[in-house]
Amino acid sequence: MFQQQNQQLVIGKISEILDATDSTYADKLTQILDGAKRIFIAGAGRSKLVGNFFAMRLVHSGYDVSVVGEIVTPSIKAGDLLVIISGSGETEQLIAFTKSAKKVGANIVLISSRASSTIGDMADGVFQVGKQELYGKVVGMPMGTVFELSTLCFLEAIVSHMIWEKGIPEEIMRERHANLE
């Protein structure tokens, strides 16, 4: 019984956040991703893990993607896209990445729980997952869990939208999946 209540709490909160997220984001973000020469994904902590999920799905979908901070990540250049995942939009390390990318002429997108922030003010686009007022303290979902899980679901839905709209068969995605695991 208790576990079922917790599952319903998590599912209910994620649904509330996603229901409050702009329904036009799928097309807008897909268009931005399609317009980039290369895509770089950055986040910190658990948001970085969400970014890793997203990066993998983008690779499966045929995009040229790198995760910031990996030893094989190339330098970002003009025409590239930096996608920052940050609930607050105020993480110092991610602010530094944003400044560096902006300096070389890369485009920047922030995925956040806030419409306005230091990174958001520098970004070319902000995709606010849910509404800020929905992110109050949730007992049982501490320390950013609501943002991270909602963003993971949001980004998976974006990928679902892309592969549906582009008609990318799962067999093609499987061919792009890592085979040295």
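Fewest-first ordering of V129, V72, V50, V138 by other beta carbons within 10 Å of each residue's beta carbon gives V72, V138, V50, V129. The GluC sites (Glu not before Pro) of segment 74-148 meeting both criteria, a DSSP state outside H, G, I, E and B (loop) and at most 15 other C-beta atoms within 10 angstrom of the site's C-beta, are E90.
Considering only L18, V72, I168, the residue lying farthest towards the positive end of the dipole of the chain is V72, judged by Cα position with unit charges set on Cβ. The ranking of S150, S15, S113, S88 from fewest to most other beta carbons within 10 Å of each one's beta carbon is S15, S88, S113, S150. List the lysines whose Cα lies under 21 Å from the Cα of K166, skipping any in the same chain that are fewer than 8 positions away. Output for K166: K28, K37. Between V72 and S15, the C-beta separation translates, for a Förster distance of 35 Å, into a calculated FRET efficiency of about 0.40.
Since every read-out is calculated from the coordinates, none of them should be taken as a lab result. None of the values given here were measured: they were computed from a predicted structure. Positions of Cβ are generated from backbone atoms using ideal geometry, with glycine treated the same way; all protein chains shown enter the neighbour counts.
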